[in-house]
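Enquirer: Here it is: the structure, laid out below.
Each value in this text was obtained by applying a stated rule to the coordinates, not by laboratory testing. Quick caveat, the model's predicted, so the values are computed rather than measured. Glycine also receives a Cβ, built like all others from the backbone with ideal geometry; neighbour counts cover every protein chain displayed.
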Amino acid sequence: MSNTARGGVRARNVIFRIKRCEGPGKPSRWEAFKVPVEPNANVISCLNWIAANPVTIDGRQTTPVVWDSNCLEEVCGACTMVINGRVRQSCSCLIDEYAPNEGDTITLEPMSKFPVVRDLWVDRQRLFWGLRKVKAWVPIDGTYSLGEGPRETPDHQHDRYVMSTCMSCGCCLDACPQYHKEEDEGKWDRSFVGAAVVNQARLFNEHGTGRVLKPERLDALMGPGGLDACGKAENCVKVCPKNIPLVESIAAVNRAITIHGFKRIFSGK
Amino acid sequence: MDNGQGFVQRNYFLLRRLHSLTGVVPIGAFMLIHLTTNSSILWGAINGRAHAATPIGRGVETFQDEVSFINGMPLLLLIEALVLWLPIAFHGILGVVFALGASNNVARYGYQGNKRYMLQRLTGYLGFAFILYHVATLRWGWEWLTPANTAWSHYFATSTLAAALKGDGGQWTVPGIIVSLGYFIGVSALVFHFANGLLTASITWGIAVSQRARQRWGYLCTGIGAVVMLLGWSALAGFVFLVDHDEAHQIERRMVELKYGPEFLKEIEREHLHRPGMEAAAIRRAAEVPYPGPAPVIRE
Ligand code: HEM
Ligand code: SF4
Ligand code: SF4
Ligand code: FES
């Protein structure tokens, strides 16, 4: 009988240290759980086990740990959390890579830049608010049919495709040293929107129909909380699970803003 | 908080772009020229128009010539204020404000880009302190902050600089070691800051967009940084390790004498020697040393 898999990893016990919080504004505390893991387990399957056995490592009964998840295949972004100090999706985080030996520890924390709803579950509203701020959509609402859309070349489509794979997970914001936690909704307008939003602005600026809103998007990104708050740390592009060329998007939108800014100066608008 | 941030927030785009621009021109461009001038203490050795017997003597001549040229420029104070002090104050103060708004996370995300981001801010702070000390001691006359109360004089550019860096008569002193080390750190920090700033400026303005273009621009910035670093280090090494204070002082006296006449030389020497705390003995001693080699060149 063999319970080894993938490079000889065996079923074993792994310690999960989890940063817990009862709700918004409540203090947080650490709790540890000892979880028997099967080969090929991931963080979500271990969280499921903890939910069914909410007993800490020193035998104390506690509440089940709360987290958010949906697709379980790294396309929705809901399960994003900070694992061993770095932000990533928990559904695609394999225990065999993070804790190959008996007694290894994995640390789970909620994302650091968004308000905690409970335990590992955060509220990423501000990201979606940012998408609205830059009008990250193609405007087609109206009273009559607009007919066929413009043609796309395969090359252009290829370039834009990768930008469109963003799942608004917020990794790029959590790792950005220029993006700060802001619980007060009234201040979002003057706080940095972050790389994900800039990338979406570029995606729709380069869309045949979406480009009619380009001046408005650039105006929004020139104002307070716009792209000028970026400090070029380039963490965003490193942590993006979709390998979106975020710094390229930042530079491209900056170029558009440079041109847009000069045009505005000379047209007096 | 809101009121203090109001102005910066409303004009964020303009301020940020002006900050980036001033970093490159005029400040960065000036630093390039400044370090080229200063390193003439070394490359002056191959200056065909210099006549001193020793290579470093020719460096002293060349450097003196450059300094005299700059100090002979019309409206120097106005140019300095508009092209240097104002932009540096603007870039520096705004730079500190921006840098304070960073939440560094290199410990968690130790990527190269993140380290450069952190270093850009650290070298900004260091550079700010260094520039303040540098300008205050050598330009605004805060002699009491130098190792031996040396007042830098553009008539005796090399010898007074060596003394301001090392101490009395260009001899090593303990405060001199600290000041020289400070110069090494300050210059290195600012050169890094400039080179990395060139790299990030290409993102700020959207000049190099694609990954490949930014990589190529990065290599170029590294090259530029290495060359400027070499200029800065060689200037410092020249003044700190290679210059002979007394020889330099003699060459400078001779150049003043040839250009403005012996009366003028006596006058400025008297002025210098009577400054309180000046390294009078060292200068008197240097003035006794026989003149080394043929007469130096003088620009008209
Ligand atoms: C000789 C002195 C200096 C030079 C040549 C210089 C040059 C530059 C350049 C070229 C940039 C790039 C701007 C961009 O990213 O678009 C820059 C950025 C920066 N400088 Fe300076 N600088 C100097 C002094 C200072 C000082 C004294 C500070 C004070 C802390 C400072 C703080 C900063 C900061 C924080 C940035 C980053 C701005 C950003 O994130 O976009 N700099 N500097
Ligand atoms: S490049 Fe800009 S957006 Fe990306 S992590 Fe750095 S500061 Fe944040
Ligand atoms: S750009 Fe990448 S890291 Fe940022 S939200 Fe989208 S998928 Fe996540
Ligand atoms: S659950 Fe959708 S990305 Fe993890």
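Enquirer: Exposure proxy check: B:Tyr219, B:Tyr117, A:Tyr98 ranked by fewest other beta carbons within 10 Å?
Expert: B:Tyr219, A:Tyr98, B:Tyr117
Enquirer: Further, regarding this structure: Using the basic label-point model (7 angstrom from Cα toward the beta carbon), what is the B:Lys115 to A:Val117 distance in nanometres?
Expert: So the two model labels end up 3.9 nm from each other.
Enquirer: Could I ask something else about it? Quickly rank B:56-66, B:152-162, A:12-22 as a protection proxy: mean count of other C-beta atoms within 10 Å, highest first.
Expert: In decreasing order of mean packing, B:56-66, B:152-162, A:12-22 become B:56-66, B:152-162, A:12-22.
Enquirer: Sticking with this structure for a sec: Through the Karplus equation 6.51 cos²θ - 1.76 cosθ + 1.60, θ set to phi - 60°, convert the phi angles of the stretch A:20-29 into ³J(HN,Hα) values in whole Hz; use x for Gly and Pro.
Expert: 10, 8, 6, x, x, x, 7, x, 9, 9
Enquirer: Helix A:246-267 against the longest principal axis of chain A: what's the angle in degrees, Cα atoms only, rounded to the nearest 10?
Expert: Its long axis makes an angle of about 30 degrees.
Enquirer: Assuming R0 = 56 Å, can you tell me the calculated FRET efficiency for the pair B:Phe241 and B:Val8, based on Cβ-Cβ distance, to the nearest 0.05?
Expert: The formula returns an efficiency of 0.80 here.
Enquirer: Same structure again: So if I place +1 on the C-beta of Lys and Arg and -1 on the C-beta of Asp and Glu, and nothing else carries charge, what would the dipole magnitude of the protein assembly as shown be about its Cα centre? I want it in debye, nearest 20.
Expert: About 1120 debye.
Enquirer: Output ³J(HN,Hα) for the stretch A:215-230: one whole-Hz value per residue in order, computed from phi by the Karplus curve 6.51 cos²θ - 1.76 cosθ + 1.60 with θ = phi - 60°, and x for Gly and Pro.
Expert: So the Karplus estimates, Gly and Pro as x, are x, 5, 5, 5, 4, 4, 7, 8, x, x, x, x, 5, 5, 7, 5 Hz.
Enquirer: Across the stretch A:115-120, in residue order, what do the Karplus-derived ³J(HN,Hα) couplings come to in whole Hz, using 6.51 cos²θ - 1.76 cosθ + 1.60 with θ = phi - 60° and x for Gly and Pro?
Expert: Values per residue, Gly and Pro as x: x, 7, 7, 6, 6, 9 Hz.
Enquirer: Using a 7 Å offset from the Cα along the Cα-to-Cβ direction at both A:Asn53 and B:Leu100, what is the distance between the two label points in nm, to one decimal?
Expert: About 5.2 nm, to one decimal.
Enquirer: How many nm separate the modelled label positions at B:Arg212 and B:Lys259, each set 7 Å beyond the Cα in the direction of the Cβ?
Expert: 5.3 nm
Enquirer: Over chain A, what relative contact order in percent results from Cα pairs under 8 Å that are six or more residues apart?
Expert: After rounding, I find 16 percent.
Enquirer: How would you classify chain A from its alpha-carbon gyration tensor, with a ≥ b ≥ c the square roots of the eigenvalues: rounded for a/c under 1.5, else prolate if a/b is greater than b/c, otherwise oblate?
Expert: It comes out prolate by the Cα gyration axes.
Enquirer: Under the 0.36 nm per residue contour assumption, what length would be gained going from the current alpha-carbon distance of A:Leu94 and A:Arg255 to full extension?
Expert: Once the chain is fully extended between A:Leu94 and A:Arg255, it gains 54.0 nm.
Enquirer: Mind giving me the FRET efficiency for B:Val227 and A:Lys263? R0 is 45 Å, r the Cβ-Cβ distance, nearest 0.05 is fine.
Expert: 0.75
Enquirer: Sticking with this one: Mean separation of Cα pairs under 8 Å and 6+ residues apart, divided by the residue count of the stretch A:12-121: what relative contact order is that in percent?
Expert: 36 percent
Enquirer: Please express the shape of the stretch B:7-288 as an equivalent ellipsoid: the semi-axes are the square roots of 5 times the eigenvalues of the C-alpha gyration tensor, given largest first in whole angstrom.
Expert: Semi-axes (√(5λ), whole Å): 38, 19, 18.
Enquirer: Step through the table entries A:Lys135/A:Lys181; A:Lys135/B:Lys115; A:Lys113/A:Lys242, compare each Cα-Cα distance with 29 Å, and write down the pairs that go over it.
Expert: A:Lys135/B:Lys115
Enquirer: To continue, here is another question. Go ahead and set up a Gaussian network model of chain B, Cα springs under 10 Å, then flag whichever of B:Val135, B:Val179, B:Val243 fluctuates most.
Expert: B:Val135
Enquirer: How high is the FRET efficiency between A:Glu183 and A:Glu102 when r is their beta carbon distance and R₀ equals 51 Å, given to the nearest 0.05?
Expert: For A:Glu183 and A:Glu102, the calculated efficiency is 0.80.
Enquirer: Take every Cα pair under 8 Å in chain B that's 6+ residues apart, average their separations, divide by the length, and report that relative contact order as a whole percent.
Expert: 24 percent
Enquirer: Under the definition of partner shielding as Cβ atoms of other protein chains within 10 Å of a residue Cβ, what is the mean value for peptide A:234-243?
Expert: Rounded to a whole number, the mean comes out at 3.
Enquirer: Looking at the square roots a ≥ b ≥ c of the eigenvalues of the Cα gyration tensor of the stretch A:1-93, which shape do they give, rounded for a/c under 1.5, prolate if a/b is larger than b/c, or oblate?
Expert: Taking the square roots of the gyration eigenvalues as a ≥ b ≥ c, the stretch A:1-93 is oblate.
Enquirer: What full-extension length gain, to one decimal in nm, is calculated for A:His156 and A:Phe128 as 0.36 nm per residue of separation minus the Cα-Cα distance?
Expert: Value of the extension gain: 7.5 nm.
Enquirer: Is any helix in chain B, taking whole DSSP H runs, at least 27 angstrom long along its axis by alpha carbon and on average at least 1.0 on the Kyte-Doolittle scale, and which ones?
Expert: B:174-204
Enquirer: Among A:60-69, B:30-39, how do they line up by average Cβ neighbours within 10 Å per residue, starting with the highest?
Expert: In descending order of packing, they fall as B:30-39, A:60-69.
Enquirer: Using a 10 Å cut-off around each Cβ, can you sort B:Phe13, B:Phe128 from fewest to most neighbouring Cβ atoms?
Expert: Fewest to most other Cβ atoms nearby, the residues stand as B:Phe13, B:Phe128.
Enquirer: Shielding of B:102-108 by partners, i.e. mean partner chain Cβ atoms within 10 Å per residue?
Expert: 5
Enquirer: Within a 10 angstrom radius of each residue's Cβ in A:223-229, how many Cβ atoms of other chains show up on average? Whole number is fine.
Expert: If you average over the peptide's residues, the count of other-chain Cβ atoms is 5.
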